[in-house]
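Comments concern the structure below.
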Amino acid sequence: MASVRFTVTPTKAEDLPGLSDTSPDISSRSGARVRFGSRESVNRSDPLSDASGGAGTETPDHSSVEQGDGNSKISSVYINNSHCLDDDDFYDKNLALFEEEMDTRPKVSSLLSRLANYTNLTQGAKEHEEAESIGEKKKAGKSPHMGTFMGVYLPCLQNIFGVILFLRLTWVVGNAGVLQALCIVFICCCCTLLTAISMSAIATNGVVPAGGSYFMISRSLGPEFGGAVGLCFYLGTTFAGAMYILGAIEILLMYMAPNAAIFESKSPEGEGAAMLNNMRVYGSICLLLMSLLVFVGVKYVNKLASIFLACVIVSIVSIYVGALVSAFKPPQFPVCMLGNRTINGHEIDDSQCAKTILLASNATTYLWKQFCQSPELNSSCDQYFTSNNFSEIEGIPGLASGIISENVWSSYLSKGDVVEKSSLSSSHLAPPASTHQPYVFTDIATSFTLLVGIFFPSVTGIMAGSNRSGDLKDAQRSIPIGTILAILTTSIVYLSSVVLFGACIEGVVLRDKFGDSVKGNLVVGTLAWPSPWVIVIGSFFSTCGAGLQSLTGAPRLLQAIAKDNIIPFLRELDEYCSDCFSIIFCLVRLKTVFGHGKANGEPTWALLLTTLIAELGILIASLDLVAPILTMFFLMCYLFVNLACALQTLLRSPNWRPRFSYYHWTLSFLGMTICLALMFISSWYYAIVAMVIAGMIYKYIEYHGAEKEWGDGIRGLSLSAARFALLRLEEGPPHTKNWRPQLLVLLKLDEDAHVKSPRLLTFASQLKAGKGLTIVGTVVSGNFLQSYGEALAAEQTLKHLMDKERVKGFCQCIVAQKPREGISHMIQSSGLGGMRPNTVVMGWPHAWRQSEDPQSWKTFINTVRVTTAGHLALLVPKNISLFPSNSEPCSEGYIDVWWIVHDGGMLMLLPFLLRQHKVWRKCGMRIFTVAQMEDNSIQMKKDLATFLYHLRIEAEVEVVEMHDSDISAYTYERTLMMEQRSQMLRQMRLSKSDRDKEQSTWRRLREKTPFNRKKSLTEPDSVVGGASVSTGRGEERNEEERRERGKRGEVASGRESDDLFTAADQSTVFNKFHIFDHRDHSNVRRMHTAVKLNEVIVNKSHDARLVLLNMPGPPRNSEGDENYMEFLEVLTEGLERVLLVRGGGSEVITIYS
């Protein structure tokens, strides 16, 4: 039997009475712009004007007739219905149900097309995507291309390996011994490894823009901690540059060009001061040259980075090769000893380690002259010199010598002590050695704590990968792998170097900081193969490269802090910088000066300040004094990275979904404890000073009020701080990352004060999982004075149900004359301060068609309107009795999300929250979205998969193509039934006089619009006599629908049991519909959308455990309430469990960290 398909042509405006003769422009398109973001930007509370039939009537909004470009447009009861005649051209027929809110809830295809470039993401966190200067244009940059090895691993190696490895590690081993040195290295490496684990969790919890560790700390712990720790980390990075420069100058003046010293001392007591002055002069010159190089361009620094890294690798390899070679052929570096005291090799001018020359009679050596008053044999000599003899030992005995047994234990010395070898015999009756004698003396007192503070900077630099996150192809994969591998590699190198140094080098040489016992050679260079110059040259260039990297990174860190504008005293910079006398003041103010630089974005002024602060470290001139300062600042930074990870893990924020899963809050707390312990172990007074400085900055920002809200963990923790937290939360709305559903659950009680739908509270408990705010409310009809007892009973009933369902929250009972007024008051007044509900959960009005009292579904629609006006999210579970209880976990199945329009991300967040509960944990997640004819479904699927990847949500993705199709006869029939039912209800509410007026209006309408007009219906060949109508839903379903309507007494056409819909019946239905309500032709299209979407959803999700679906908005006025309920019924029929979701107008999910 042939089927018939109908196509409806919209009725022209001139054919309808009361309208202008001017025909509307069918091809005109709306100029509305799809916008993303908060609904506050849209005025949704404009009053509706009275309906007017005149074409010249001006109205303030889109109701009735809208004037524009000389064309009048037909109105309906729906918002923004100015496109009634040209909707097929502007909006898709498949989404006509959502068209009135397309300005605030865009199509998914539109959203995904915007998400192709993630710098333009519309996630509500404005500081992530908006430049501080609004008019600034973004240049199109190259796509990230760096992988794990080049982008993270090698930069971390270059930043971790540095001056301490080459200049101080042998000295640490000599003083602490192999065991304690291993302990120092192991503790420091564990500290950085645990910090790297915490950092990896934070870095993979979304996109980390420029700023690196500062961005992670500030966005995780808030602007107060961000400002305090950010400035401390900046100072640490700046002093690191000073330390590297001092190390390079020490190598230059001590081992490469000792004759280049400007200041010299004639007495041994002044050599230290002269050396410090030389370090200051050459260090300042080197700092100036490096700053100029950074100012000229960072590209030159990046080009030199590979050369500097090659120097580091070659130097380390030469150490290992030299250690292996020493087992067979130890290098010749003899050390002269007097008794058990080490002689300074510089003082042996004649290369004779003896008192006299044996081959020449009565000839004394140069050392004799140093210990005796004259070169004569009968001269008066030092007592220790007289009692002991000279001997030579091998400075590098080799790997097979067994010298490690002597170097296992510690040998800490005080300042001015002579470096001694305890295994050699000597006379201890002599007085202490004088500084004028040619011994090797210690320059500072050593201890375990001091060595920890000096060594720790050698394990810093683990943030190099996170600082380059913008250049990485896949930062969330590369940062954890590259950073942890770099830490493991450097830890192995450090631990093995400790063992090799202890097994190959003599103890007195290890304790000789500057290599005086081996004639001024770099101690680690004596072990290198083939020549010590490999280490000397390699370490010099590597320290220079590390200094350049610090001078490059520190200004950018300061620039990031300045652009965030979190320091309150930076706000009035412009007015202070107006005259030349305020230049120095401006250098301290960071907002404008250090937030900007050259045209290419280089932070020029920040580089200037960095150079000045680094000069302070250069003026200290001692590597051993600058290193503990770095240790404090870096340890404080690492401490707060661990704190941020631990806090986010314990708070379990919905946005906390790191891709790096190998973390735990106990590891973060262990790392935080180690950091705090190392701060006080290395230097307790430095630790106190650093903490006081950070605390002062924190309290200053907190007292004056930071202008940024980054959704930090401290804000979540402060929810439990009672009055202080409530006052603080009231300052502004929560950030996107802190958003979680704060529920207001509306329950209805029967006559016996029993809850009608207890499963509604069960569903709320599964959604909350014990987190956040839950308020359970109900409305008691009556007068408060008379119904107070009933209100108390209802409140006790709610509390009992909450205890039974184990829901932590509050209950609220309101007494009101009308339920709709009570619900409105409850929505407005629930909560306190920042603890206010943002999501309303209410049940679906069952059997609303059969209900004699229409107040049930009218209250439902009124609640939808109230939540929309209050910018609250709305959740409506349908068939709530079929939802699983807490004791009925789903063993398999899917949670299906039908993402039709973008509504703030609620549809993405709710399945994630449900799956945290044991009932839904084993359910998979599927996301369906709708593609229209003009959309590229393949690209939409790819973009949606990428979007979910950055959201850290695992789900199957499917794009359903909905082609434009003719409106079926079934749709017309359902619409006609709906319209007749609505008309009947309106007639029941009209008085006799009103009914007489309406009948006369219909009479005039029939005279102008005859029944047999065909041009507004289908095409001539669409109707075949005797043929059945193809409804698009199948004959069986059509029969079921007819049977169901017959039971309800809602047969629309007057026939009781016709099985076929003939062509004559078609014409009758269409003509009746056309005459019935010429104003609401859009109802046909909305019904078409509901029918088509329902077909697709039932086909794809008939076996789903739960279906989440966008809930269309209600009509602006009450004339279309019955139609709205019918649309929702058609949209969800045939589905077992449905959750209708309506967002509150704000973004609730973000890809950012």
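The values are calculated or read from the model by the stated rules, or taken from the named source; none is laboratory data. Only a predicted model underlies this, so the values are computations on that prediction, with no experimental measurement involved. Note that each Cβ is placed from the backbone with ideal geometry, even for glycine, and that neighbours are counted across all protein chains shown. These area figures cover heavy atoms from the full protein model, side chains too; ligands, DNA and RNA do not enter into them. Shrake-Rupley method; radii C 1.70, N 1.55, O 1.52, S 1.80 Å.
Which one is nearest to GLY822 (Cα to Cα) among residues in the stretch 747-783 that are touching a helix residue (DSSP H, G or I) at 6+ places or on another chain (Cβ under 8 Å), at pLDDT 85 or above and open to solvent by 50 Å² or more (accessible area, probe 1.4 Å)?
So, considering only residues that are touching a helix residue (DSSP H, G or I) at 6+ places or on another chain (Cβ under 8 Å), at pLDDT 85 or above and open to solvent by 50 Å² or more (accessible area, probe 1.4 Å), the one nearest to GLY822 (Cα to Cα) is SER781.
For the stretch 226-245, check the following and say yes or no: at least one residue is surrounded by fewer than 24 Cβ atoms within 10 Å (Cβ to Cβ), modelled with pLDDT under 80 and part of a helix (DSSP H, G or I).
No.
So for the stretch 473-488 (the condition being in contact with a helix residue (DSSP H, G or I) (Cβ under 9 Å, 6 or more places away or on another chain), under 21 Å from CYS311 (Cα atoms) and surrounded by fewer than 23 Cβ atoms within 10 Å (Cβ to Cβ)), does at least one residue qualify?
Checked against the condition, which is being in contact with a helix residue (DSSP H, G or I) (Cβ under 9 Å, 6 or more places away or on another chain), under 21 Å from CYS311 (Cα atoms) and surrounded by fewer than 23 Cβ atoms within 10 Å (Cβ to Cβ), the stretch 473-488 yields at least one hit.
Being over 22 Å from MET906 (Cα atoms), at pLDDT 85 or above and in a helix (DSSP H, G or I) is the filter here, so list the residues in the stretch 1099-1125 that pass it.
ASN1099 - this is the single residue of the stretch 1099-1125 that is over 22 Å from MET906 (Cα atoms), at pLDDT 85 or above and in a helix (DSSP H, G or I).
Could you give every pair whose Cβ atoms fall below 8 Å, whose first residue belongs to the stretch 869-881 and is open to solvent by 10 Å² or more (accessible area, probe 1.4 Å), and whose second residue is modelled with pLDDT under 90 and among the acidic types (Asp, Glu), counting only separations of at least 6 or pairs across chains?
HIS871/GLU40; ASN879/GLU1136
So if I check each of GLY507, GLY461, which one is farther than 23 Å from ARG952 by Cβ, surrounded by 24 or more Cβ atoms within 10 Å (Cβ to Cβ) and within 43 Å of the chain's Cα centre (by Cα)?
Every option except GLY461 fails the conditions.
Going through the stretch 1128-1142 one residue at a time, which ones are more than 39 Å from the chain's Cα centre (by Cα) and among the hydrophobic types (A, V, I, L, M, F, W, C)?
The answer is VAL1130, and nothing else.
For the stretch 891-901, what are the residues that are in a loop (DSSP other than H, G, I, E, B) and open to solvent by 10 Å² or more (accessible area, probe 1.4 Å)?
Matches in the stretch 891-901: SER891, GLU892, GLY893.
Give the residue, chosen from GLY177, GLY211, that is small (Gly, Ala, Ser), assigned to a loop (DSSP other than H, G, I, E, B) and either modelled with pLDDT of 85 or more or at positive phi (or both).
GLY211
Only one residue in ILE693, ILE681 is within 19 Å of THR192 (Cβ to Cβ) and either surrounded by 15 or more Cβ atoms within 10 Å (Cβ to Cβ) or in contact with a Ser or Thr (Cβ under 9 Å, 6 or more places away or on another chain) (or both), so which one is that?
From the options ILE693, ILE681, the qualifying one is ILE681.
Please determine, by comparing only the residues of the stretch 824-837 that are modelled with pLDDT of 85 or more and open to solvent by 10 Å² or more (accessible area, probe 1.4 Å), which one is farthest from ASN1117 (Cα to Cα).
Here the residue is PRO837.
Just give me the residues in the stretch 593-624 being part of a loop (DSSP other than H, G, I, E, B), crowded, with 18+ Cβ neighbours inside 10 Å and at pLDDT below 85, in sequence order.
Passing the criteria: VAL593, PHE594, GLY595, HIS596, GLY597, GLU602, PRO603.
LEU726 is checked against (1) of a type outside the set (Gly, Ala, Ser); (2) modelled with pLDDT of 80 or more; (3) assigned to a helix (DSSP H, G or I) and fails just one. What number does that condition carry?
Just one mismatch for LEU726, condition (2).
Conditions (1) over 60 Å from the mean Cα position of the chain (by Cα); (2) modelled with pLDDT under 85, marked per residue:
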| position | (1), (2) |
| --- | --- |
| MET337 | yes, no |
| ASN344 | no, no |
| ILE357 | yes, yes |
| ALA363 | yes, yes |
| SER380 | yes, yes |
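Determine the pairs where a residue that is under 16 Å from LEU910 (Cα atoms), located within the stretch 757-779, has a partner that is open to solvent by less than 10 Å² (accessible area, probe 1.4 Å) and part of a loop (DSSP other than H, G, I, E, B) with Cβ atoms under 6 Å apart, the partner being 6 or more residues away or on another chain.
PHE763/PHE883; GLN766/VAL919
Consider ASP966 carefully, then state whether it is open to solvent by 10 Å² or more (accessible area, probe 1.4 Å) and either modelled with pLDDT under 85 or in a strand (DSSP E or B) (or both).
Yes.
So LEU424 passes all but one of these: (1) of a type in the set (A, V, I, L, M, F, W, C); (2) open to solvent by less than 10 Å² (accessible area, probe 1.4 Å); (3) farther than 30 Å from LEU276 by Cα. Which condition number does it fail?
(2)
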